[in-house]
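Asker: Before I ask anything, let me first share the structure, which is written out below as structure tokens.
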Amino acid sequence: MNHDAVLPTFRLEPGTAIAQATPGHTAPVTLDSPALEVMTDLTLVKAATTLPGTSLRQAEQMMIYQGVRMLFVVTDMPSIEGLVTTTDLHGEKPMRVVHERNMHYDDLCVADVMTALPMLDAIDHERMSAAAVGDVIATLKRLGRNHLLVVQRATDQTPRRVRGVVSRSQIERQLGQPIAITPIADSFSEIERALA
């Protein structure tokens, strides 16, 4: 076989368009639909990532550019250190850090406001495979979270890995109705701040 044959080319005509990625899960769903229909499968969609030292303004621009509301925080790909969401960027967390450390908002980085790996909630991929959308919504509400990670168990060939992400905003789009989620405090210090 000849491996240096020149391929035929042609000139493009006006009106030629760029192929657009089709979102994997935009079909309408019901509460009884399989839960996997509302999961972003990271084996099909590249995970949006950032570094811990990224400024909050840069992280926000990355989210806008990629059309996401959450970034995985990584230093040594593919190991996850945590995640940062739009709520982390604009909620009370940055203002609290600014006050506590006597810093300016522009001096904050993702590491200052991200949710660290040990604080992340996850569900097993096998359980997710057997669940319905209503079960996922109930889980998000119980946890007071906008995102839930779906994790595959470790095998002899692969470590435990985040296989997918479920987000409230995606479920709302597919379900066609809003989902009310009340944030829940994770620590005594958060409870104290809420009561102050």
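Asker: Return the residues of segment 56-86 that are farther than 21 Å from residue 170 by Cα and assigned to a loop (DSSP other than H, G, I, E, B); say none if nothing qualifies.
Answerer: Within segment 56-86, the subset farther than 21 Å from residue 170 by Cα is 56-58, 74-81.
Result: 75, 76, 77, 78, 79.
Asker: Which of the residues belonging to segment 70-82 are surrounded by 15 or more Cβ atoms within 10 Å (Cβ to Cβ) and either hydroxyl-bearing (Ser, Thr, Tyr) or farther than 21 Å from residue 107 by Cα (or both)?
Answerer: The answer is 80, and nothing else.
Asker: Quick check, is residue 164 at pLDDT 90 or above, crowded, with 18+ Cβ neighbours inside 10 Å and of a type in the set (Gly, Ala, Ser)?
Answerer: Yes; evaluated as a whole, the condition is true for this residue.
Asker: Over 29 Å from residue 129 (Cβ atoms), modelled with pLDDT of 90 or more, of a type in the set (S, T, N, Q) and surrounded by fewer than 10 Cβ atoms within 10 Å (Cβ to Cβ): is that true of residue 102 in this structure?
Answerer: yes
Asker: Scan 154, 138 and give me the residue that is over 22 Å from residue 72 (Cβ atoms), exposed (fewer than 15 other Cβ atoms within 10 Å of the Cβ) and among the hydrophobic types (A, V, I, L, M, F, W, C).
Answerer: 138
Asker: Could you identify the single residue in 107, 112 that is buried (at least 16 other Cβ atoms within 10 Å of the Cβ), under 26 Å from residue 56 (Cα atoms), among the acidic types (Asp, Glu) and more than 16 Å from the chain's Cα centre (by Cα)?
Answerer: Step by step, each of 107, 112 is checked, and only 112 is buried (at least 16 other Cβ atoms within 10 Å of the Cβ), under 26 Å from residue 56 (Cα atoms), among the acidic types (Asp, Glu) and more than 16 Å from the chain's Cα centre (by Cα).
Asker: Could you pull out the residue among 89, 44, 31, 36 that is surrounded by 12 or more Cβ atoms within 10 Å (Cβ to Cβ), part of a loop (DSSP other than H, G, I, E, B) and either over 11 Å from the mean Cα position of the chain (by Cα) or not aliphatic (A, V, I, L, M) (or both)?
Answerer: Exactly one of 89, 44, 31, 36 is surrounded by 12 or more Cβ atoms within 10 Å (Cβ to Cβ), part of a loop (DSSP other than H, G, I, E, B) and either over 11 Å from the mean Cα position of the chain (by Cα) or not aliphatic (A, V, I, L, M) (or both), namely 31.
The values are calculated or read from the model by the stated rules, or taken from the named source; none is laboratory data. What you see is a predicted model, and the numbers here were worked out from it, not measured in a lab. Methodologically, a virtual Cβ is constructed for each residue, glycine included, from the backbone with ideal geometry; neighbour enumeration extends over all protein chains shown.
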